[in-house]
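The block underneath contains the structure these notes are about, expressed in structure tokens.
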2 protein chains.
Amino acid sequence: MKLATLRANRPDGQLVVVSHDLSRCVSAGRIAPSLQAALDDWDRLSPALAALSTQLDKGEISGQPFEPSAVLAPLPRAFQWIDGAGYMGHLERVRSLKGSKDEELQSVRPLLYQGGSDSLSGASDPIVVPEDDLALDFEVEVAVIIGAVPMRPSREQAASAIRLVTICNDVSLRRLVADDLQNGFGFFHSKPSTSFAPVAVTPDTLGDRWRDNRLHLPVRVEVNGTLYGQPNAGVDVHFDLVDLIVEAARTRQLGAGTIIGSGTIANHHDATLPIKEDGIGFGCIAEARTAEKAKFGRARTSFLKPGDRVRIAAIGTAGRSVFGDIDQTVVALRP
Amino acid sequence: MKLATLRANRPDGQLVVVSHDLSRCVSAGRIAPSLQAALDDWDRLSPALAALSTQLDKGEISGQPFEPSAVLAPLPRAFQWIDGAGYMGHLERVRSLKGSKDEELQSVRPLLYQGGSDSLSGASDPIVVPEDDLALDFEVEVAVIIGAVPMRPSREQAASAIRLVTICNDVSLRRLVADDLQNGFGFFHSKPSTSFAPVAVTPDTLGDRWRDNRLHLPVRVEVNGTLYGQPNAGVDVHFDLVDLIVEAARTRQLGAGTIIGSGTIANHHDATLPIKEDGIGFGCIAEARTAEKAKFGRARTSFLKPGDRVRIAAIGTAGRSVFGDIDQTVVALRP
């Protein structure tokens, strides 16, 4: 089944079940008031949500048109957002890791950072930046929403806790990354609100596109209508989502509704932008710039600025957007 | 007024109003089902909570005995926990900053890290450690729970967003701090579940003990019945709570129910443990060990181990514990 959260007159929005083709939806309010409430009591409530999903897909109930512009993030605010680094290709490019001691360490244990989760952005929300020159970038990732996991879980416990899968844009302010890391307290100002696709999908609904704890789909990114990348999220995975969950629970339990990100999706290749229609490209601008520096001696691709538009979609059968599109425009904060 | 959350058959517990002397409490369920719900609609709901508090303190309603052993953290799970570094004395001691470039930078802008907030510990919950040799430490802090704050707020907006004040223990696994910082992604494994005092208190109830955006009370720490410290939270404050809120909102808004920590309370002095009944001492073990290394050439005070007990209380008039005691025992995770 596919779930989304519509804007409503309360912070956690209105939980809806969405049809497989994303054309219609129906309120799940009689089952659970919010996605968090559903996750808190998943074993008891998810069969009723699944039944509603079947009725909607069979046309037994008509529901209402599903308008992506009306969605909040599936969890508009979450109790936890942890972002991992599952694709070494991304780290190698943005951190110049190749052959370093850090690369060795980071290929044994995945890196994780604690992200802000109090104000997650919906798929069509603007990306609001307080200043123009912060080197705004997107980062295209897979995300899973999980049930409760105890401290030091087995891989089986971690895998069976995965409730929903979606994609996200881990918005990054590259100009502030160096300051954050120099301070030693980790990412903070450089990682403002992360954005999520309109719907989150149960693993069983993804069929063989979800196997080995990873999503086997290309995720396509366009900036102002130009293709920047379409790396396959199932390729060149160094740490899968279960690796990341197990690592996250090394010294603590994880609460129901925790969101775990895969890290920026990156496939190995040596090309630069622009890419052809069948090219792989990049899941963030910083990687493209690193490749350009290596090839041309300088970065050519600009970071995002107010007015730019980023569109991100995981592409399934017949070119369909599986989770709906993240489609955001950059806006400057009004003083 | 004083608010607490009692253990109940749901993740967010049962909101109660607690009498000023912490002897009795009464359910606030008819006003708000949880503290988060109260914070989401504070302007409308807090007058009713305050009225209930007045009735309880006047004896117009009898309520029930308030048992600190029955409490969860005021917010058992929060959408955000941000910890700052407001006391330079702590950073100077644990990071050997004195006279460094980092000290200069960190005295201009406060450090902040994003903490895990999905599973916050109650005042009497055990501190569960997965291994014995992780150099377990406590960190005694002031914490404020705030309403929503926009990106780039004024100091006035930040100050007026402070809803509740309490104290907390930012539990730290020192052995993992170096790994976390080496990785560059910030604290993660080294900062398991943070613990909170039984009650959170509105600033007006604290009277002149809350002024200039800081708590003017000594916070007393005992380990296994021995006094380790009683630094005054209002003394040697380099960044106050409003400084920390403003800094936290540099690139993003902050959601209602965000908790901000002051950083480990530290007063300037050159003494070592043991301290006398009128001594100042330390708000964490790492600082005591640094002072010992400087004076004796080696650290004498051990980190915590299973079976150890930590008791933390902010001391008000007539020696009374203003927020109730954090009183935790260290327990090893059962395999």
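Here the Debye sum runs over all C-alpha atoms of the stretch B:1-142 as equal scatterers in vacuum, and log10 of I(q)/I(0) at q = 0.10, 0.17 Å⁻¹ comes out as -0.49, -0.99. Could you state the number of Å between the C-alpha centres of the stretch A:260-296 and the stretch A:204-221? Cα centres, the stretch A:204-221 to the stretch A:260-296: 20 Å.
Based on the inverse mean of 1/r over its pairs of different Cα atoms, what is the Kirkwood hydrodynamic radius of the stretch A:180-303, in Å?
Every distinct Cα pair counted, the radius reaches 16.9 Å.
Sequence-distant contacts, meaning Cα pairs under 8 Å at least 6 residues apart, place the relative contact order of the stretch B:2-66 at 32 percent. Nearest to the axis that brings chain B onto chain A is this chain B residue, judged by its Cβ, with the distance in whole Å: B:Gly186, 1. Taking square-rooted eigenvalues a ≥ b ≥ c of the alpha carbon gyration tensor, is the stretch A:158-239 rounded, prolate or oblate, where a/c under 1.5 means rounded and, failing that, a/b exceeding b/c means prolate? Prolate.
With coordinates expressed along the principal axes, the C-alpha atoms belonging to the stretch A:126-190 extend over 45, 29, 14 Å, beginning with the largest.
Altogether, the Stokes-Einstein calculation at 25 °C and 0.890 mPa s, with the Kirkwood radius of the protein assembly as shown over Cα pairs as Rh, returns a diffusion coefficient of 96 µm²/s.
Based solely on its DSSP helices, what 222 nm [θ] is calculated for the protein assembly as shown when runs of n ≥ 4 H residues each add -39,500 (n - 2.57) and the sum is averaged over all residues, nearest 500 deg cm²/dmol? Could you put the intermediate results ahead of the total?
On the way: 17 runs with 154 residues, N = 670.
Mean residue ellipticity, 222 nm, calculated: -6500 deg cm²/dmol.
For A:Ile312, the solvent-accessible surface computed with a 1.4 Å probe is close to 0 Å², ligands and nucleic acids excluded.
Label the stretch B:68-191 by shape, choosing from rounded, prolate and oblate, from the square roots a ≥ b ≥ c of the eigenvalues of the Cα gyration tensor; if a/c is under 1.5 it is rounded, and otherwise prolate applies when a/b is larger than b/c, oblate when it is not.
oblate
Taking a probe of 1.4 Å and counting only protein heavy atoms, give the total accessible area buried between chains B and A in Å², rounded to the nearest 100.
On the way: alone 14960 and 14950 Å², together 25390 Å².
That pair hides around 4500 Å² of surface in total.
Counting Lys and Arg as +1 and Asp and Glu as -1 over every other residue whose Cβ lies under 9 Å from the Cβ of A:Gly86, the net charge comes to -2. Any aspartates and glutamates with Cα under 17 Å of the A:Lys58 Cα? List them, leaving off those in the same chain fewer than 8 positions away. Counting by Cα, and skipping residues close in sequence, A:Lys58 has these aspartates and glutamates nearby: A:Asp21.
Using a 7 Å projection from Cα along Cα-to-Cβ, the label point at B:Asn9 is separated from the same position in the remaining copies by 3.2 nm, smallest value first. What the phi angles of the stretch A:8-19 give under the Karplus curve with 6.51, -1.76 and 1.60, with θ = phi - 60°, is a coupling list of 8, 7, 7, x, 8, x, 10, 5, 10, 8, 10, 5 Hz, glycine and proline written as x. Here the stretch B:2-66 is assigned +1 on the Cβ of each Lys and Arg and -1 on the Cβ of each Asp and Glu. Its dipole about the Cα centre then comes out at about 200 debye.
Calculated accessible area for the protein assembly as shown comes out at 38 Å² per residue, all protein chains present (probe 1.4 Å; ligands, DNA, RNA ignored). Its alpha carbons give chain B an Rg and a Dmax of 19.1, 60 Å. Looking at the stretch B:80-332, how many pairs of lysines come closer than 29 Å at the Cα, when each pair is eight or more places apart or spans two chains? Counting lysine pairs in the stretch B:80-332 gives 15.
For the stretch A:2-66, the square roots of the Cα gyration tensor eigenvalues, ordered a ≥ b ≥ c, give a/c of at least 1.5 with a/b no greater than b/c, which places it in the oblate category. Distances, shortest first, from the label point of A:Arg109 to those at the same position in the other copies read 2.8 nm; the point lies 7 Å along Cα to C-beta. Taking all C-alpha pairs of the stretch A:191-248, those more than 15 Å from each other amount to 65 percent. Think of the stretch B:179-335 as having a plus end and a minus end, set by charges on the Cβ of Lys, Arg, Asp and Glu; of B:Ile245, B:Ile259, B:Thr272, B:Thr272 sits farthest toward the positive end of this dipole. The listed peptides B:48-61, A:107-120, B:205-218, B:248-261, ordered by packing as a protection proxy, come out as B:248-261, A:107-120, B:205-218, B:48-61 (highest mean of other Cβ atoms within 10 Å first). For chain B, the longest principal axis of the C-alpha atoms and the axis of helix B:174-183 are separated by about 80°. With the label put 7 angstrom out from Cα along the Cα-to-Cβ vector, A:Arg152 ends up 4.9 nm from the copy partners, going from closest to farthest. Each Cα pair under 8 Å and six or more residues apart adds its separation to the average, and for the stretch A:80-332 the resulting relative contact order is 30 percent.
Each of A:Val310, A:Val108, A:Gly63 was scored by the projection of its Cα onto the charge dipole of chain A, and the greatest displacement toward the positive side belongs to A:Val310; charges sit on the C-beta of Lys, Arg, Asp and Glu. Here the protein assembly as shown has 48 percent of its accessible surface on carbon and sulfur atoms, given a 1.4 Å probe and all protein chains in place.
The values are calculated or read from the model by the stated rules, or taken from the named source; none is laboratory data. This is a predicted model, so every value here is computed, not measured. Reconstructed Cβ throughout: ideal geometry from the backbone, glycine too, with neighbour counts over all protein chains shown. Ligands, DNA and RNA are excluded from the accessible area calculation, which covers all protein heavy atoms including side chains. Shrake-Rupley method; radii C 1.70, N 1.55, O 1.52, S 1.80 Å.
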